[in-house]
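Below you'll find the structure, written out as C-alpha cells, and then a few comments.
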Amino acid sequence: MAIHVKTPAVARIQLVALLFLTAAGIVNYIDRSALSIANTAIREELHMTPTEMGWLLSAFSLSYAFAQLPVGALLDRFGSRAMLGLGMFFWSLAQAACGLVNNLSIFLISRAVLGACEAPLFPAGAKVISEWYNQRERGTPTGIFIASSCIGPCIAPPLLTVIMLTIGWRWMFILTGALGMMMAIGWYVIYRNRNQVQLSVADEAHLQEGERFQHNEKSISGKEWRSLFTHATTWGMLVGFMGVIYMVWLYLTWLPSYLEHQRGLSVAHTGWLVAVPYLFGMAGMMGAGRIVDFLAARGMPLIASRKWPVCVGLLGGAAFTIPAIFASSNGVAIACICLAMFFINMASAACWTMVSVIVPKRQVASLGSIQNFGGYFGGSFAPIITGWVVEHTGRYDNALMASAVIAVIAALVYFLLVKKPLPEDADYSLQTDKEITHYDVSR
C-alpha cells in the first residue's frame, strides 16, 4: 500500500490543533480540581457535611454526563470550532461564578453549569484528531491530548494551593475562570474544522490513508444516532468506561481529602504530594497512545490493539488500589496509588483511541459522547458514595475497595462486548453486530 507523505500544511494544522486541545484539557482539569483542593476550606466556611460535599462534587459529573448525549450529535453537525469554543467560554464563566457563591444551592447550580458546558471537550478532541490525523497515527496524539486530564490535576494541587493560601479559595475560582475565557477566544479565532480548509489532493490522500470508512461530509441523522445504541460494541464501550471514570473520579475528587484526613498530611504537603500520582497517570495516558500505535503497526487488528490496553489498565488499577487500602506506611500507600493511576489512565486513553476506529469520522463525536455519558454517569456516584462512607465510618477503605471491584467488572464487560466496528452503511438501525461480517480491521 502506498504511503502518502504528510505536507507541511497538514503538519502545521495538526500541531496547532493538538496544542490547543491539550491546553484546553489542562485548563479543564484545573477547573475540575479546584473544588477538591478547596474541599476542607469550603466545608468549613459554608458549614457543609461530607455527604453534602459529595453531592456538590457529583453535581458536576451528573450534568456533564447527561449533556454528553446531545453534545455529540451537535458536534458532528456543527463542528468542533464553534461547539468547543462556546463550551469553553461558558464553562469558564461558571468556574468564575463558583468564587462568588455564598450557599450550597447556588454552588450546586454553578457546578452543574460547569459540568454541562465542559461536555464538548473530549468528544471534540476525538473528532479533531479523526479529521486531521490518518488511522495509523491517531494513537499518539490521542494519548497526548488525553494526558491533559492528568497534567491538569498534576499542576492544579501546588498551583491552586498556593493561590488559595495566599488570596483565598474564591479568587482561585475567579482567576482560573478568566484563564479559560481567554483560551476559548483563542481557539475560535485560530482553529478551523476540516471542511473549512481547502486541501490539496495529496493532503486528502494522506488523511484518508488506511481508512475503512470513506470520507463523507454528510451530517449524522437522528436515525443514525439512535442506531448506535443497537450494537453490543457501543454498550461495551459505554458500560466499560463507567469503571474507568468511577476510579478516576474517586481519586480526582477525594484524594486530597484522603491524604489529609486518613493519612494525616497537612494541607500544604497534600498540595504538592497529590501531584505525584498524576505524573504516573500522565505517563500511563501517553504510553497508551504509543502502545496502540505500536501494536497496530505490528499487525494486530485495530480493535484488539486498543482493547487489550483497556482491559490491562482496568485490572492494573484495581490490583494496586487494594494494597493501598491496607498499607500502614504512607509511602507504600502513595506508591500503590501512583501505580493505580498509571494503569487506570492507560485504560482511559486507550478507550478514546478506540472511538476513532469504530465509526466514520462524521460519527466520532457522537460515539465518543455516548461513551463519555456512560463513564460520567457511573463515575458521578463515586463522590456521593465516598462522601457517605466517610461521614458514617470516618475512613475511605470501603469506597476504595468498591472502585477496585467496579474496575474488574468493567474489564470483563469490555472484553466480552467490544469486538467489532460499527458498519459504514448509514441505514443500519435494525442490524445486529453478528450481521456485520465483512470488514477488515487489520489495517
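What follows is calculated from the coordinates using simple rules that are stated; it is not laboratory data. Small disclaimer: the values here were computed from a predicted structure and weren't measured. When we count neighbours, we look across all protein chains shown, and the Cβ atoms used for this are built from the backbone with ideal geometry, even at glycine.
Worth pointing out:
- The structure shown yields log10 I(q)/I(0) by the Debye sum over Cα atoms at q = 0.11 Å⁻¹, and of the options [x] -0.79; [y] -1.08; [z] -0.92 that calculated value carries the label [x].
- Inter-centroid distance (Cα atoms) of segment 4-60 relative to segment 64-140, Å: 10 Å
- Think of it as helices only: each DSSP H run of n ≥ 4 in the chain is worth -39500 (n - 2.57), and spread over all residues that comes to -26500 deg cm²/dmol at 222 nm.
- Between helix 302-326 and the chain: long-axis angle, C-alpha atoms, 0 to 90°, nearest 10: 10 degrees
- Angle between the chain longest axis and helix 169-190 axis [Cα atoms, degrees, rounded to 10]: 10 degrees
- Candidates MET285, MET242, MET182, ranked by Gaussian network fluctuation over the chain, Cα under 10 Å, top entry: MET182
- Note on LYS223: lysines with a C-alpha under 26 Å away, same-chain residues under 8 apart excluded, are LYS127, LYS361, LYS419, LYS420, LYS434.
- Cβ-defined net charge surrounding GLU118, 15 Å radius [Lys, Arg +1; Asp, Glu -1]: +1
- The chain: relative contact order in percent, alpha carbon pairs under 8 Å with at least 6 residues between: 27 percent
- Neighbours of VAL292, meaning other residues whose beta-carbon lies under 9 angstrom from its beta-carbon, give a summed charge of +2 when Lys and Arg score +1 and Asp and Glu score -1.
- Springs between Cα atoms under 10 Å define the GNM used for the chain, and in it the highest mean-square fluctuation of ARG263, ARG136, ARG298 occurs at ARG298.
- Footprinting exposure proxy for LYS6, LYS223 (fewest neighbouring C-beta atoms within 10 Å first): LYS223, LYS6
- Distance in nm between pseudo-label sites at GLN198 and ARG12 (7 Å out along the Cβ direction from Cα): 1.5 nm
- Top of GLU131, GLU204, GLU45 by mean-square fluctuation, Gaussian network on the chain, Cα under 10 Å: GLU45
- Degrees separating the helix 397-417 axis from the principal Cα axis of the chain, which is the longest one: 10 degrees
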